[in-house]
Amino acid sequence: MQKANKRIQKEYEELTKTPPDGVVVTSENMFDSWDVLLQGPQGTPYEGGTFLVKMKFPDNYPFKPPKATFATKIYHPSIKKDTGEICKDIYEEGWVPTKTIKQVIDVLKSMLMAPNTDTPLETDIAQEYLKDRAKFDATAKEWVNKYAKN
């Protein structure tokens, strides 16, 4: 546990001192969970929104990945509308202890830029993304305005 705490502390300090663009990381108890604020990437329907992602660390981190959940409602094929659960294929599959939270954040940002429709949690949204992109974009923007505005 001591080793995991050192790792979590090091990652937290790195992310708070030099966060990736459009990201703010905070925590009341850095060894338990983090709040990650993601700015919607420019040029996407999520632009202009701020999304809260809750990161919860398992006792055996980094041997098991953190559990990331969108606390801000978001219209996305890989994120459950009602719970914010993220598709496990996104970052948990193939997890190795050398992966970092920064890499998880990078994956979350990239999934907002280019949704993966191969293994969606919300099949109806994935179909809309593939078949009627304008409707998908309009609905995603509507959700940003409703749920993710600062």
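Computed quantities for the displayed model
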{"item": "Where a label projected 7 Å from the Cα of Asp118 along Cα→Cβ would reach, residues of region 85-102 with amide N under 15 Å", "result": "87-95"}
{"item": "Folded to 0 to 90 degrees: helix 2-17 orientation relative to the chain principal axis, Cα", "result": "50"}
{"item": "Residue-span extension gain [Lys67 to Lys146] - 0.36 nm each, minus C-alpha spacing", "result": "25.9 nm"}
{"item": "Efficiency of FRET from Cβ geometry, Asp137 and Asp59, R₀ 41 Å, rounded to 0.05", "result": "0.50"}
{"item": "Size descriptor, Kirkwood hydrodynamic radius, that averages inverse alpha-carbon separations across the chain, Å", "result": "15.8"}
{"item": "Among Glu128, Glu47, Glu93, residue whose mean-square fluctuation peaks in a GNM of the chain (springs only between Cα atoms under 10 Å)", "result": "Glu93"}
{"item": "Residues in region 123-150 that a label on Leu37 would reach, taking backbone N under 11 Å of a point 7 Å out along Cα→Cβ", "result": "150"}
{"item": "Rg/Rh ratio calculated on Cα atoms of region 75-132 (Kirkwood radius)", "result": "1.00"}
{"item": "Cross-link pairs beyond the 18 Å C-alpha cut-off, checked among Lys67/Lys99; Lys64/Lys99; Lys56/Lys88; Lys54/Lys81; Lys67/Lys149; Lys73/Lys131", "result": "Lys67/Lys149; Lys73/Lys131"}
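The numbers here are math on the coordinates, done by the rules we state, and not lab data. Because the structure is a prediction, the values reported are computed rather than measured. Quick reminder, even Gly has a Cβ in these numbers, built from the backbone with ideal geometry, and neighbours come from all protein chains shown.
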